[in-house]
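Got a structure for you, written out below as structure tokens; questions coming shortly.
The values are calculated or read from the model by the stated rules, or taken from the named source; none is laboratory data. Given the structure is predicted, the values throughout are model-derived calculations rather than measurements. Neighbour counts are summed over all protein chains in view; Cβ atoms, including those assigned to glycine, are modelled from backbone coordinates with ideal geometry. Heavy atoms of the whole protein, side chains included, go into the accessibility calculation; ligands, DNA and RNA do not. Shrake-Rupley method; radii C 1.70, N 1.55, O 1.52, S 1.80 Å.
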Amino acid sequence: MVAKKPRIVIIGAGMAGLTAANKLHTSCSPAAAFELVVVEGGSRIGGRINTSEFGGDRIEMGATWIHGIGGSPVHEIAREIHALSSDQPWECMDGSSEDPARFTTVAEGGFELDRSLVEPVSTLFKSLMDYAQKKTVDHNDYYKIACKSSNVFPSTNGSLSVGSFLRKGLELYWGSKEKEEEEVLGYGNWNRKSLEEGVFRVHENTQRTYTSAGDLFTLDYVTESEYRMCSGEEITIAKGYLSIIEYLASALPPGLVQLGKKVKQIEWQIEKNGLENGYGSSDNDSEYNDSNRPVKIHFCDGSTMVADHVIVTVSLGVLKAGVQESGNMFNPPLPCFKTEAIQRLGFGVVNKLFVQLNNNNNNNNKSKNDFPFLQMVFRKADSELREEKVPWWMRKTASMFPIYENSNVLLSWFAGKEALELESLRDEEIIGGVSATISSFLAKPHDKLLCNGNGSLEEEEKNKWYEVKVKKVLKSQWGNDPLFLGSYSYVAVGSSGDDLDRMAEPLPRIGSHESANSPPLQLLFAGEATHRTHYSTTHGAYFSGLREANRLLQHYHCVGV
């Protein structure tokens, strides 16, 4: 009689799931030591990696950056498959958008700000974040302000937020400066303090997109120092992030990844006698007709699948919905240590907006686009001086810039409630809001910008204005996508790195009463939200998939690395 092979089902064909599948399939000799299946609820592989096309350019709807090349498995794969260079330009491949010197900083109303006003505030913000993240920095005056900012708070026990730390630093910065004239000549009715606060908000809003915390006052300060980036520069993948996913999937035999298999419920066993439930008896289970496997997966199409081990790689957003009283994703429900960690951790929404301009959107009607790398200093949302035509959902957008030099496709990032609002808007509403915003920033003060071709002027007067016509827009919609329900995780106030570790613990919990009375390693968890120091990143997801694959390889005395 041939011994039954362990069956491993991986839920999710994103970075974590495909990394685990690749490792399990290629590590054992023979490779068929396991029955391995990857089930994916959507119609494509990749998860939150989604390389697409817009306006003739390659774009990334999801993950964009390799966050540091030193020690990054993503960079190593990209280098190995020659994906880091391409004959075609694409999103940020020349690094222009990340170079502060390339940005033109403009205040609402069309006032271009001198670098002597912008740079001190930018340096202050960077010093504050470096201090919060415990990075090694030069001990300049701004660093001292960061140190002082942290010392004005009592013992926090994790209750201090990044947002409150940053704002205290800004207050100390203002207090440390000699009294200056409030009015700044050349910037209309903007004064120095309001401009400095506006520049500071630009960096806060950028930080919101980095972390996915829609409000930095919900981002935990203490845990910020645990976050780790790989060393070296941050770069993009010229041939698209999807090339990494395709490489991982290429090692798997046809049919191993099953698309369109959205999970409804996962049944698992706490006690061994729970196995006497006739699992595998469904007519839909003929291929998996094993009554002794402890986990049973129910799919939305009515089919089921049984397994010895299930690696769950769904997003934290899906887990949050699944452990709610109405969610019922797990039966029996997950233990309290797991559900409480899921509920405490943060999971935010970050969306991208791509805007395609007409080819002749510039003063001289050249064939190339000369739209600047624009950094936008908005008025406060409640300011009486704000441009009323600029919609509220644009006011926390830090920048708008070509995805590479001279591209006619612009990119803006949105986080939090603004990102969710973007998902609800029709393309016409977005075009109107973007046009009004560009008008407010790129028109010379007291002049009028022609947006979407409206208005008429004598030919000799046209060079005074920057004429912009938006052709079409494309937005990501991670918040309302039922397969993700958000973008990536962060450590919220009230949570900690310990919760990320709890996320990674398999069930039944090792050393618990249940683990002595039930089959081991029934539910394993992977994904960026299960990595203590590299959460929110693709390489964190990769490391987590590798971790869970190795856990099973070691359990079966295979060689894990």
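If you go through the stretch 509-551 one residue at a time, how many are at pLDDT 95 or above, in a loop (DSSP other than H, G, I, E, B) and buried (at least 18 other Cβ atoms within 10 Å of the Cβ)?
Residues that pass the stated criteria total 10.
Also: Of all residues in the stretch 301-318 being small (Gly, Ala, Ser) and over 19 Å from the mean Cα position of the chain (by Cα), which is farthest from residue 549 (Cα to Cα)?
This residue is 302.
Inside the stretch 251-306, can you point out the residues that are open to solvent by 20 Å² or more (accessible area, probe 1.4 Å), at pLDDT below 95 and closer than 23 Å to residue 322 by Cα?
270, 271
Pairs please, first residue from the stretch 314-340 and without any contact (Cβ under 8 Å) to a residue 60 or more places away in the chain, second anywhere and of a type in the set (D, E, K, R) and open to solvent by less than 40 Å² (accessible area, probe 1.4 Å), Cβ atoms under 6 Å, 6+ apart in sequence or on different chains.
Sorted first by the residue in the stretch 314-340, then by its partner, the list stays empty.
Let me ask something else. Of everything in the stretch 126-150 that's more than 19 Å from residue 177 (Cβ to Cβ), open to solvent by 40 Å² or more (accessible area, probe 1.4 Å) and charged (D, E, K, R), which residue is modelled with the highest pLDDT?
Selected residue: 134.
When you scan the stretch 151-182, how many residues do you find that are modelled with pLDDT of 80 or more and open to solvent by 20 Å² or more (accessible area, probe 1.4 Å)? Before you say what the answer is, go through the steps one by one.
Pass one, the stretch 151-182, residues modelled with pLDDT of 80 or more: 151, 160-176.
Filter again for open to solvent by 20 Å² or more (accessible area, probe 1.4 Å), leaving 151, 164, 167-168, 171-172, 174-176.
Total satisfying the criteria: 9.
Is there a residue in the stretch 485-492 that is in a loop (DSSP other than H, G, I, E, B), open to solvent by 30 Å² or more (accessible area, probe 1.4 Å) and in contact with a Ser or Thr (Cβ under 6 Å, 6 or more places away or on another chain)?
Taking the stretch 485-492 first, the residues in a loop (DSSP other than H, G, I, E, B) are 485-487, 491.
Narrowing the set further to residues that are open to solvent by 30 Å² or more (accessible area, probe 1.4 Å) leaves 485.
Checking which are in contact with a Ser or Thr (Cβ under 6 Å, 6 or more places away or on another chain) leaves us with none.
No; the residues of the stretch 485-492 include none that is in a loop (DSSP other than H, G, I, E, B), open to solvent by 30 Å² or more (accessible area, probe 1.4 Å) and in contact with a Ser or Thr (Cβ under 6 Å, 6 or more places away or on another chain).
A further question follows. Considering only the stretch 235-243, I want to know if a residue exists there that is crowded, with 18+ Cβ neighbours inside 10 Å, among the aromatic types (Phe, Trp, Tyr) and modelled with pLDDT of 95 or more.
yes
Restricting to the stretch 52-65, name every residue that is open to solvent by 10 Å² or more (accessible area, probe 1.4 Å) and within 16 Å of residue 541 (Cβ to Cβ).
Passing the criteria: 62, 63, 65.
Okay, residues lined up against (1) at pLDDT 95 or above; (2) part of a strand (DSSP E or B):
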| site | (1), (2) |
| --- | --- |
| 10 | yes, yes |
| 24 | yes, no |
| 36 | yes, yes |
| 76 | yes, no |
| 84 | no, no |
| 89 | no, no |
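If I go through the stretch 307-320 residue by residue, how many of them are over 8 Å from residue 527 (Cα atoms) and open to solvent by 10 Å² or more (accessible area, probe 1.4 Å)?
So the answer is 3.
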